[in-house]
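Take a look at the structure below.
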Amino acid sequence: MKVLFCSAEVSPFAKTGGLGDVCGALPLVLEKKGVETSVVMPRYKTIDTHKFLLKKLSYNVSTTKIGKSTNVYFIENDYFFNRDGLYGDRYGDYGDNLDRFLFFCRRSLELPKQIGFKPDIIHCHDWHTALIPVFLKFLYHDDPFYKKTKSILTIHNLAYQGVFPRWDFFKLGLPRNLFSIDGFEFYEDMNILKAGIIFSDEMTTVSPGYAKEIKTDKLGCGLAGVIRSRKKPMVGILNGIDYKIWDPKSDGCLAKTYSQKNIGGKLFNKTALQKKMNLKVDKAVPIFGFVGRLTSQKGLDLFAQAMKAISKLDLQVIFLGNGDEYYGQMLRGIARTYPMKIAVELKYDERLARQIYAGSDILLMPSAYEPCGLSQMIALRYGTIPLVYKTGGLADTITPFHSSGGRGNGFVFDKHKKETLITAIKLAVKTYKDKEIFNTLVKKAFSYRFSWDESAKKYVMLYRQCLRSA
Ligand code: ADP
């Protein structure tokens, strides 16, 4: 079986969040399961030719290998992709994102012919590649090369839909009647993801919990009705993490490597992190770490509302993030007001992210919604206890810790309100102070496995099922 992955992000080449992690890890697991996978992504300016041994395939495509034999193809276009950001800059999204990803989708469909890779399945991810299922149905339906090809669309975050003014529809080169309520039309604008949902052969999302939530009006981002009315039900397949890439035993970014058997190493990383972030070096104070994109999704407003009460607690909080300038300013302001407790780094920095996962005691993830979330899985891998809001993939992976009986793996609050967040943080601080209980929790954290293996099996089953259907 041949599968072509199309994504705007693929780690380690380019990543802003979980999409990159997933599209970097899943193809490698599929390869092990005998699926012949090729991956295609844009060639951004930030992709290092020498580091990744990129070779020129033609004047506008370069390529490299991951795993044993998975080819990754980079679609080149200096005008569109030779920029500092993947999707935008500090002023917001690039104004020509429709043109950029439209170009990428068209080229992704031409590439397989060029390289002689006839895909049985084209697996698309998020709105950036959601035009591909539509093009397959309406522009390539007579093309013998794609006669048997099926499309799958995975939604990593329904909030990003690729909505553009209606007058841009002509750019797509599609029949005019597709701009209708049963196609691209969305409150008089054009919605790329909506069309992808309607016209893809199969649709998945990244956790069973989120699959249920996005069918509700509360979290359906205006598309709940469209999702509910699909003939084939949407499947929720939980993401995993690559346990070789995220491993405190061999992580070269850490001050000291460690494992479940050698938790002292974790403490060493805590001290190093406190020094690095200019916080008081004190082993008795719990560190709460946050690593994430700065968007409204991530619950930073709630944190700001709770800050006054949080500041009275004996704790330190470290934020690493980049994204909306608004949240950057907000966090900077908080750090200025509480310099002894709060430290902030506003950038994308994988090295520091790893140091935070290792050096923190608790991972702070108060997201208002979370399709799957990988940070909580990574945190457990590093013996760091997640504190999460009960939503989507966070609810699927983190359960409340009970000191009696030792059940659960984190701190969970179930109403997205400052009072419940404060209560959860207080409980985390109190639990931290009880060394015996907290150490049990930390030791247990290491044993959780959210590996790709089970999830990849589900994808393979879905691919087969998709090919069997007419
Ligand atoms: P999302 O997909 O919403 O961004 P996830 O929790 O699924 O959230 O994945 C986030 C991924 O991106 C994790 O691997 C996390 O470590 C990484 N990440 C997010 N922001 C940063 C940052 N500023 N620096 C380094 N890594 C980051």
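Since every read-out is calculated from the coordinates, none of them should be taken as a lab result. All values derive from a computational prediction rather than experimental measurement. Don't worry about glycine lacking a Cβ; one is built from the backbone with ideal geometry, like all the others, and counts go over all protein chains shown.
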(message) Neighbour counts of other C-beta atoms within 10 Å: give me Lys215, Lys435 arranged from fewest to most.
(response) Lys435, Lys215
(message) Taking amide H atoms as placed 1.01 Å from N in the peptide plane, list the residues 5 or more away in sequence, or in a different chain, whose amide H sits under 5 Å from that of Val412.
(response) Val388, Phe401
(message) For the range 57-205, I need the span (max minus min coordinate) of the C-alpha atoms along each principal axis, in Å, sorted largest to smallest.
(response) 46, 41, 28
(request) Using the structure shown, list the pairs from Lys249/Lys457; Lys283/Lys341; Lys212/Lys417; Lys2/Lys457; Lys2/Lys65; Lys2/Lys33 with a Cα-Cα distance above 19 Å, or answer none. (result) Lys249/Lys457; Lys212/Lys417
(message) Please give the Cα centre distance for the range 117-133 versus the range 31-106, rounded to the nearest Å.
(response) 14
(request) Place +1 on the Cβ of every Lys and Arg and -1 on the Cβ of every Asp and Glu in the chain, take the dipole about the Cα centre, and give the residue among Ser207, Gly410, Cys124 whose Cα lies farthest towards its positive end. (result) Gly410
(request) Report, in debye and to the nearest 20, how large the dipole of the range 170-242 comes out about its Cα centre when Lys and Arg carry +1 and Asp and Glu carry -1 on their Cβ. (result) 200
(request) For the pairs Lys51/Lys390; Lys45/Lys418; Lys435/Lys458; Lys137/Lys458, note any where the Cα-Cα span goes beyond 30 Å. (result) Lys51/Lys390; Lys45/Lys418; Lys435/Lys458
(request) Rank-order 361-371, 191-201 by packing density, defined as the average count of other C-beta atoms within 10 Å over each peptide's residues, highest first. (result) 361-371, 191-201
(request) Just name one of Phe104, Tyr87, Asn71: the one whose Cα is farthest towards the positive end of the charge dipole of the range 14-105 (beta-carbon charges, Lys/Arg +1, Asp/Glu -1). (result) Asn71
(message) Once you order the gyration tensor axes a ≥ b ≥ c over the Cα atoms, which shape class does the chain get: rounded for a/c under 1.5, otherwise prolate or oblate by comparing a/b with b/c?
(response) prolate
(request) Rounded to whole Hz and in sequence order, give me ³J(HN,Hα) for the range 238-252 from the Karplus expression 6.51 cos²θ - 1.76 cosθ + 1.60, θ = phi - 60°, writing x for Gly and Pro. (result) 5, 5, x, 10, 8, 6, 8, 6, 9, 8, x, 6, 10, 6, x
(request) Would you work out which of Phe184, Tyr140, Thr216 lies farthest towards the positive end of the dipole of the range 109-225, given +1 charges on the beta-carbon of Lys and Arg and -1 on that of Asp and Glu, about the Cα centre? (result) Tyr140
(message) Only counting other Cβ atoms within 10 Å, I'd like Lys266, Lys32, Lys68 sorted with the fewest neighbours first.
(response) Lys68, Lys32, Lys266
(request) Measure nothing but the geometry: give the 0 to 90° angle between the long axis through the Cα atoms of 18-32 and the longest principal axis through the Cα atoms of the chain, rounded to 10°. (result) 70
(message) For Cα pairs less than 8 Å apart in space and 6+ apart in sequence, what is the mean separation divided by the residue count of the range 232-375, i.e. the relative contact order in percent?
(response) 31
(message) If I fit a long axis through the Cα atoms of helix 264-276 and take the longest principal axis of the Cα atoms of the chain, what angle between them do I get, 0 to 90°, rounded to 10?
(response) 80
(request) Return a whole-number percent for the relative contact order of the chain, with Cα pairs under 8 Å and 6 or more residues apart as the contact set. (result) 12
(request) Only Lys, Arg, Asp and Glu count, each charged at its Cβ (+1, +1, -1, -1), so figure out the dipole size of the chain about its Cα centre, rounded to 20 debye. (result) 1380
(message) Compute the helix-to-body angle for 418-433: its Cα long axis versus the longest principal axis of the chain, expressed 0 to 90° and rounded to tens.
(response) 60
(request) Let me know the charge dipole size of the range 20-73 about its Cα centre in debye, to the nearest 20, where only the beta-carbon of Lys, Arg (+1) and Asp, Glu (-1) is charged. (result) 180
(request) Please list, in chain and number order, the residues 5+ apart from Ile47 or on another chain whose amide H is under 5 Å from its amide H, with Hs placed from the backbone. (result) none
